[in-house]
Structures are given as structure tokens and as C-alpha cells.
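The values are calculated or read from the model by the stated rules, or taken from the named source; none is laboratory data. Everything numeric in this text was worked out from a predicted model, so none of it was measured. Virtual Cβ from ideal backbone geometry, glycine too; neighbours counted across all protein chains shown. What goes into the accessible areas is simple: the full protein's heavy atoms, side chains included, and nothing from ligands, DNA or RNA. Shrake-Rupley method; radii C 1.70, N 1.55, O 1.52, S 1.80 Å.
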Amino acid sequence: MAQFDVHRNTGKHRDDIPYVVLVQSSLYDGYRRRVVVPLVRKSALGSINNPRFNPRFKIENVQVVLHPLEIVSIPNEQLGEFVESLNQEGNRILDALDELLTRAWG
């Protein structure tokens, strides 16, 4: 398992969220859990107001959108089958997480 690997979602919402992307640093591979962000079917979402926060990807010919607000930690054994790597898109994924965690005060 590597950072930015895409895995099948084995959870109950897998119809709308077919994949998750691993965002956890390899520094923490010794732990029994992995931090992932859902990749939601574009068709299941409304309009995307901030493409930096919700970048789009195509996985197995499925248009998906990164959904950082649904970030979660799951046990390793619940991580589904590896599908592909989004390593080349790592900066876009980290930009979305930066957007989520920024200290902007409204």
C-alpha cells in the first residue's frame, strides 16, 4: 500500500463511493489503520463549486470526485482491492487537503 493508491470501497455506500484513495504517509505504515478519502461518483454529487477542493479523476472509466470532508481512518483489513495509483495526481490531492485544513478565518 502506497500513498495515493486507489482501492475499492468495501463499505455500505460503495454504489455512490466506488473507491477510496489512501492519503496517509508511508511513515505510518506500521499502524493497523489507513487514512483514506472517498472518491465519489460525479453523478452522485451536485455542482462542484471549488475544483481545488474537489478535484475530479477518472478511475476505470468512472468519473469520480475527491471528497475531503469525508476523510476517514479504516482498519487495514477493510481496505478493498488495489485498483490503480494516483501518484501523478498527488499534488492535486494534497492541495485539496490543504484547503480543508487551512487556517483561514472567515
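So here's what we get for this one:
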| quantity | calculated |
| --- | --- |
| Carbon + sulfur, % of accessible area of the chain - ligands and nucleic acids excluded, 1.4 Å | 48 |
| Net charge of Cβ neighbours under 11 Å - reference ASN76; Lys, Arg +1; Asp, Glu -1 | +1 |
| Amide hydrogen neighbours beyond the local backbone of ASN9, cut-off 5 Å, H modeled | TYR19, VAL20 |
| For the range 68-104 and the range 1-37, distance of Cα centres in Å | 7 |
| Karplus 3J(HN,Hα) series, Hz, for the range 47-54 with 6.51 cos²θ - 1.76 cosθ + 1.60 (x for Gly, Pro) | 6, 9, 7, 9, x, 5, 7, 10 |
| Estimated vicinal HN-Hα couplings, Hz - the range 27-42 in sequence order (Karplus 6.51, -1.76, 1.60; Gly, Pro = x) | 4, 10, 5, x, 7, 8, 10, 10, 8, 10, 10, x, 10, 8, 4, 4 |
| Proximal charge balance of VAL62 [Cβ under 13 Å; K/R count +1, D/E count -1] | +2 |
| Listed residues GLU60, GLU77 arranged by accessible area, highest first, probe 1.4 Å | GLU77, GLU60 |
| Within the chain, longest stretch clear of exposed chymotrypsin sites (Phe, Trp or Tyr not before Pro) (DSSP loop, no more than 13 other Cβ within 10 Å) | 32-104 |
| 1.4 Å probe accessible area per residue over the chain, in Å² | 63 |
| Under 5 Å, built H, 5+ apart or other chain: amide partners of GLN63 | LYS42 |
| Sum of side-chain charges, VAL20 neighbourhood, beta-carbon under 10 Å (Lys, Arg +1; Asp, Glu -1) | +1 |
| Contact order relative to length of the chain, as percent, for alpha carbon pairs under 8 angstrom and 6 or more apart | 31 |
| In the range 28-92, trypsin sites (Lys or Arg not before Pro) in a DSSP loop with at most 14 other beta-carbon atoms within 10 Å | ARG32, ARG52 |
| Percent of Cα pairs exceeding the 16 Å cut-off, where the set is the chain | 54 |
